[in-house]
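Visitor: I'd like to ask some things about the structure below.
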Amino acid sequence: MAQLTALISVSDKTGIVDFAKALHALNVRLLSTGGTAKLLADAGLPVTEVAQHTGFPEMLDGRVKTLHPKIHGGLLARRDLPEHVAAIQQHGIDTIDILAVNLYPFEATVAKPGCTLEDAIENIDIGGPAMVRSAAKNWKDVTVLTDASQYAQVLEELKADGKTSDKTRFAASVAAFNRIAQYDAAISNYLSARLDDGTQAEYPAQMNSSFIKVQDLRYGENSHQTAALYRDLYPAPGSLVTGKQLQGKELSYNNIADADAAWECVKSFDTPACVIVKHANPCGVAVAANAADAYAKAFKTDPTSAFGGIIAFNREVDRAAAELVSKQFVEVLMAPSFSAEARAIFASKANVRLLEIALPAGGARPWDQGRNAQDVKRVGSGLLVQTADNHFLTKADLKVVTTLQPTAQQLDDLMFAWTVGQYVKSNAIVFCAGGMTLGVGAGQMSRIDSARIASIKAENAGLSLTGSAVASDAFFPFRDGLDVLADAGAACVIQPGGSMRDEEVIAAANERGIAMVFTGVRHFRH
């Protein structure tokens, strides 16, 4: 068998020396460029520099070094076509069988604070993508590697068979074209956002996104729709797609959508919390000293809706919590971890989906690092893109607008209600007390209807609203909504303010003996 040749030219040198040593041990000839060649030579490996191979020196500060017929001819020549073989022999071109290239770190460069246009431009790779495309196009003859994670599989096959398999080469080719697409998208996004004054626009003139398919789904929202789940190229730590399914049936489209709503909500609390979601809305939320107590309180809000719901915890599910949850029908159960006793309890419930999702540390509030920076909504032939609603309210931000001042306990309840309300579909009204939801009104066309529904929900659950705290995700356009809350027993209200009739609503609160605070921000959630 003819000796194989590998061309190695990497910016990220992770694992490259060991890879090259293994290739050399397999009698693979090594070609390399610049810093990579020096690294391999310093490791005692016999390596031929590309300039020596092509007979043409690197020039223009390294901008031109691999853009040469001896490189691209060696990559693109088809070994099964006699005319290709004859052509490269005529011109003294050797075939290149393995290409290991990762590109200039453009994405990392532009992510640095203070990155200049000059820095960005100099980190746009030209020769690397050109070689990768050539090798990927000729995948039947060339193995192209664009990530260190691919090295081990290639070495294994070379040791076993002296060559790589068709399956491996094709998969590597697809990965290579995907990497080039991602790279070009990053360049386009950066340059498209460049403004005349040298600053970067928040939204580029052209938006290019890259997503990786996680899995095909059985169907979409309804059985006649097809569906699949994709993740960001670099998913945020603590996001739903980083989770591991421990048991249960395959997740459905609706499972995933509801699970995301529950997980994002439960991450908002820094004390043990439980969130139960049904049809994308929290139907029960509570905080307590431990997971079991939090669940018990959350379940009380709306036991009927909790049936077949999605449940999320921000603490480990232990035996006590598992024993309680296992008494109800649950579709998906999420937590940072599950104790061995909890796993054993659910082992007999084969259809229950258990998701383990690690919570990230740090951020402006607990686990804030795991949140999306942007929200995207598909519209006819277009996209709506906005920064995500990650506003964090503190007690210091509140403005008391009524004569009656909220007590310390009421302030705690108001803050809890406001946090829950952020995850309830508009128009949203949330009654709370003692660290638990009492009634939730969601997704109605009028705010007064949401208020009525929330009070009806509480009555159906046998929960008293006397002395409760209420959050409204947007202002009250008229006093009638506030009157419904007062009639139900509310003692204090948190709302954004900003209505033309704020004074009328404030006067109504004073009249009804309700303490009311304004936040200055709203939380519409459509």
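Visitor: Please state which one of Leu155, Leu81 is out of contact with any Leu (no Cβ under 9 Å at 6 or more places or on another chain), over 24 Å from Ala185 (Cβ atoms), of a type in the set (A, V, I, L, M, F, W, C) and in the same structural domain as Asp184 (by TED's automatic domain parsing).
Guide: Matching residue, one of Leu155, Leu81: Leu81.
Visitor: Could you tell me which residue of the range 57-103 is farthest from Ala20 (Cα to Cα), considering only residues that are touching an Asp or Glu at 6+ places or on another chain (Cβ under 8 Å) and assigned to a helix (DSSP H, G or I)?
Guide: Ile88
Visitor: While we're on this one: Residue check: is Arg378 outside any strand (DSSP E or B) and either more than 23 Å from Leu463 (Cα to Cα) or modelled with pLDDT under 95 (or both)?
Guide: Here the answer is no, as Arg378 does not meet what is asked.
Visitor: Sticking with this structure for a sec: Limited to the range 204-224, what total is found for residues that are surrounded by 10 or more Cβ atoms within 10 Å (Cβ to Cβ) and under 19 Å from the mean Cα position of the chain (by Cα)?
Guide: Count: 10.
Visitor: Taking interchain pairs and intrachain pairs at least six residues apart, which have beta carbon atoms under 9 angstrom, with the first residue in the range 246-275 and more than 25 Å from Met436 (Cα to Cα) and the second part of a helix (DSSP H, G or I)?
Guide: Leu246/Arg343; Leu246/Phe346; Gln247/Arg343; Gln247/Phe346; Gln247/Ala347; Gly248/Phe346; Lys249/Asn255; Leu251/Ala259
Visitor: For the condition surrounded by fewer than 24 Cβ atoms within 10 Å (Cβ to Cβ), without any contact (Cβ under 8 Å) to a residue 24 or more places away in the chain and within 24 Å of Arg343 (Cβ to Cβ), what is the one hit in Phe307, Phe299?
Guide: Result of the check over Phe307, Phe299: Phe307.
Visitor: So which residues in the range 79-95 are of a type in the set (Asp, Glu) and without any contact (Cβ under 8 Å) to a residue 24 or more places away in the chain?
Guide: The one that is of a type in the set (Asp, Glu) and without any contact (Cβ under 8 Å) to a residue 24 or more places away in the chain: Glu83.
Visitor: Quick check on the range 42-54. Is at least one of its residues among the small types (Gly, Ala, Ser), part of a loop (DSSP other than H, G, I, E, B) and farther than 30 Å from Tyr234 by Cβ?
Guide: yes
Visitor: I would also like to ask the following. Quick check: is even one residue across the range 333-351 touching a Lys or Arg at 6+ places or on another chain (Cβ under 6 Å), of a type outside the set (Phe, Trp, Tyr) and modelled with pLDDT under 95?
Guide: yes
Visitor: Those residues that are part of a strand (DSSP E or B) and either closer than 16 Å to Phe313 by Cα or among the small types (Gly, Ala, Ser) (or both), I need them from the range 233-280; list them, please.
Guide: Listed by number, the residues that qualify are Lys244, Gln245, Leu246, Ala273, Cys274, Val275, Ile276, Val277, Lys278.
Visitor: Buried (at least 17 other Cβ atoms within 10 Å of the Cβ), polar (S, T, N, Q) and more than 40 Å from the chain's Cα centre (by Cα): which single residue out of Thr54, Thr36, Thr66 fits that description?
Guide: Thr54
Visitor: Then there is this: Does Ala176 meet the test of being surrounded by 14 or more Cβ atoms within 10 Å (Cβ to Cβ), in the same structural domain as Leu117 (by TED's automatic domain parsing), of a type outside the set (Lys, Arg) and in contact with a helix residue (DSSP H, G or I) (Cβ under 8 Å, 6 or more places away or on another chain)?
Guide: yes
Visitor: Which of the following residues is assigned by TED's automatic domain parsing to the domain that holds Ala20, at pLDDT below 90, surrounded by 14 or more Cβ atoms within 10 Å (Cβ to Cβ) and within 15 Å of Ala176 (Cβ to Cβ): Asp147, Asp141, Asp125?
Guide: Asp125
Visitor: Let me ask something else about it. Taking the condition modelled with pLDDT under 95, closer than 30 Å to Pro303 by Cα and either within 18 Å of the chain's Cα centre (by Cα) or not assigned by TED's automatic domain parsing to the domain that holds Trp263 (or both), does Asp389 pass?
Guide: Against the criterion (modelled with pLDDT under 95, closer than 30 Å to Pro303 by Cα and either within 18 Å of the chain's Cα centre (by Cα) or not assigned by TED's automatic domain parsing to the domain that holds Trp263 (or both)), Asp389 qualifies.
Visitor: Do any helices (runs of 4 or more DSSP H) lying entirely in the range 104-222 carry at least 1 residues that are in contact (Cβ under 8 Å) with a residue 40 or more places away in the chain and under 30 Å from Ala6 (Cβ atoms), and which ones are they?
Guide: Per the criteria, 106-111, 127-137, 151-161, 166-192.
Visitor: Of everything in the range 128-138 that's crowded, with 21+ Cβ neighbours inside 10 Å and of a type in the set (A, V, I, L, M), which residue is nearest to Thr95 (Cα to Cα)?
Guide: Ala135
The values are calculated or read from the model by the stated rules, or taken from the named source; none is laboratory data. Predicted model only: the values in this text are computed from it and were never measured. Here the Cβ is made from the backbone with ideal geometry for all residues, glycine too, and neighbour counts use every protein chain on show.
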